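The values are calculated or read from the model by the stated rules, or taken from the named source; none is laboratory data. Values in this document were obtained by computation on a predicted structure and should not be read as measured data. With ideal geometry, Cβ positions are generated from the backbone for all residues, glycine too; neighbour counts draw on all protein chains shown. Keep in mind that these areas ignore ligands, DNA and RNA; they rest on the heavy atoms of the full protein, side chains included. Shrake-Rupley method; radii C 1.70, N 1.55, O 1.52, S 1.80 Å.
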Amino acid sequence: METPTDLRLFPLEVVLFPGATLALRVFESRYRQLVAECIAEGAPFGVVLIAEGESVGDANVRPRDIGTTARIVERATDRDGDIALSVVGEQRFTIRGLHRDRPYLHAEVDYPAERGGASPDQARTMRSDYSELLRLRAAIVGGYERQPVLPADDGALCDRLAWEGTHFAPPADLQEVLEALDVGERLRRAAPILGGMLEAARELESLVATTRLKAPERFN
C-alpha cells in the first residue's frame, strides 16, 4: 500500500508502537470523519502522543513530532454512530508541517529509517531478560515456556517490550523509546521498562508459587 506523505492525525494520551495493536472508541464527529475517509481510501492514520491540550474536544491540541501510523483491521459502529476500532501500528513517522484546515489535524510527514544497532552485550542481556519475563508469565498461570520465540530484529523487540510496559512507565518515557531511531539508544531507554516488568513478574511468580504450596491437597 502507498505510504501517504499527508497523514491524518489522531492525538491521544497513548504511545503506539509498530507491531502493536490498539483498541479505540471513536465518538467525536471530527474523528468519525477521519475514520470514514481512511476506510474509503484504504489509508492509515497517525497516532501521536499529546504534548499540550486534551484528547477530547480541544481544537488547539498539540502533538509530539514523532508518532506511528495505524492501520484499521476491524471496525464496528453502534446505534449512536460511535465506532469501535482495532488498529495495528505500522511505522514511525516524523511531522514536518502541521495543518489545522480540516475538522481534524493532518500533517506533512516523512518516515525516518532505523539506524545503528545494539551491542552484542546489550542485545544478549535484553533477550535473556525478556525470555525470563515470558517464562515467569507462563509459570504464573500454571504453564511452562521452555524457549520463548522472540523477534529476530532487536529494534522490533524493543518496541514490543515497551508496548507491553504501558502500565509500568508513563507515556513520556514510552515516547522516548519511540523517538529513538538508533537501536542501541532505544534499547537503553527501554531497559528500565523491561526491568520494572521483570521485577513485578518475579514477585508475583514467587507469591503464586508460595500460595500453591500452602493450598490444601485435594483427593478425588
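Given the condition within 25 Å of residue 212 (Cβ to Cβ), outside any loop (DSSP other than H, G, I, E, B) and touching a helix residue (DSSP H, G or I) at 6+ places or on another chain (Cβ under 6 Å), answer yes or no: does some residue in the range 140-160 qualify?
Yes, the range 140-160 contains a residue that is within 25 Å of residue 212 (Cβ to Cβ), outside any loop (DSSP other than H, G, I, E, B) and touching a helix residue (DSSP H, G or I) at 6+ places or on another chain (Cβ under 6 Å).
Residues in the range 173-207 that are crowded, with 22+ Cβ neighbours inside 10 Å, touching a strand residue (DSSP E or B) at 6+ places or on another chain (Cβ under 8 Å) and charged (D, E, K, R): 0 in all. Which residue pairs have Cβ atoms under 6 Å apart, sit 6 or more places apart or on different chains, and have a first residue in the range 148-169 that is closer than 12 Å to residue 191 by Cβ and a second that is among the basic types (Lys, Arg) and buried (at least 19 other Cβ atoms within 10 Å of the Cβ)? Taking only residues 6 or more apart or on different chains, the pairs are 158/186. What residue, of 107, 113, is open to solvent by less than 80 Å² (accessible area, probe 1.4 Å), modelled with pLDDT of 95 or more, out of contact with any helix residue (DSSP H, G or I) (no Cβ under 8 Å at 6 or more places or on another chain) and among the hydrophobic types (A, V, I, L, M, F, W, C)? So the residue among 107, 113 that is open to solvent by less than 80 Å² (accessible area, probe 1.4 Å), modelled with pLDDT of 95 or more, out of contact with any helix residue (DSSP H, G or I) (no Cβ under 8 Å at 6 or more places or on another chain) and among the hydrophobic types (A, V, I, L, M, F, W, C) is 107.
For the range 57-113, no strands (runs of 3 or more DSSP E) sit wholly inside it while including 3 or more residues that are acidic (Asp, Glu) and out of contact with any strand residue (DSSP E or B) (no Cβ under 9 Å at 6 or more places or on another chain).
Total residues in the range 154-172 satisfying the condition of being within 12 Å of residue 16 (Cβ to Cβ) and either crowded, with 21+ Cβ neighbours inside 10 Å or of a type in the set (Ser, Thr, Tyr) (or both): the figure is 4.
Among the residues here, residue 143 qualifies as modelled with pLDDT under 95 and either surrounded by fewer than 17 Cβ atoms within 10 Å (Cβ to Cβ) or of a type in the set (A, V, I, L, M) (or both).
Of all residues in the range 55-70, those that are hydrophobic (A, V, I, L, M, F, W, C) have Cβ atoms under 7 Å from Cβ atoms of residues that are not in a strand (DSSP E or B), 6 or more apart or on another chain, in 56/28; 61/53; 61/54; 66/178; 66/179; 70/16; 70/44.
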